[in-house]
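Values in this text are rule-based calculations from the coordinates and carry no lab data. The shown structure was predicted, so the numbers you read here are calculated from the model rather than taken from an experiment. Every residue, glycine as well, gets a Cβ built from its backbone with ideal geometry; the counts of neighbours run over all protein chains shown.
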Amino acid sequence: EFNQTLHDAGILSMARTSDPNSAGSQFFICLSRAGTAGLDRQYTVFGKTADQASLDVVLKIGGSATDSRDRPKQDVKITSSRVIVTPK
């Protein structure tokens, strides 16, 4: 279900292995356009942050200090979220 939506900051996209048909329940949120062009039309985009305040939270999480495995040094948890449906 690849689509034409570009992987810009705030985009939600399905994670997968090298097999294009392996996407399951994991997702990622893009922090910037830099370095994401190779994801375009290769990963399924299914949403985006609702507004600048939502994107600011994502960017703050993305700015957390990480260890050598790129995992946050301190736990970061999203304790709530909501889906806002925008008619096409």
### Query
Is at least one residue of the range 8-24 more than 14 Å from the chain's Cα centre (by Cα) and at positive phi?
no
### Task
Starting from the range 4-32, keep only residues that are within 14 Å of residue 46 (Cα to Cα), then list their pairs with residues that are among the basic types (Lys, Arg) and surrounded by 15 or more Cβ atoms within 10 Å (Cβ to Cβ) whose Cβ atoms are within a distance under 6 Å, requiring at least 6 positions of separation or different chains.
10/48; 11/48; 23/16
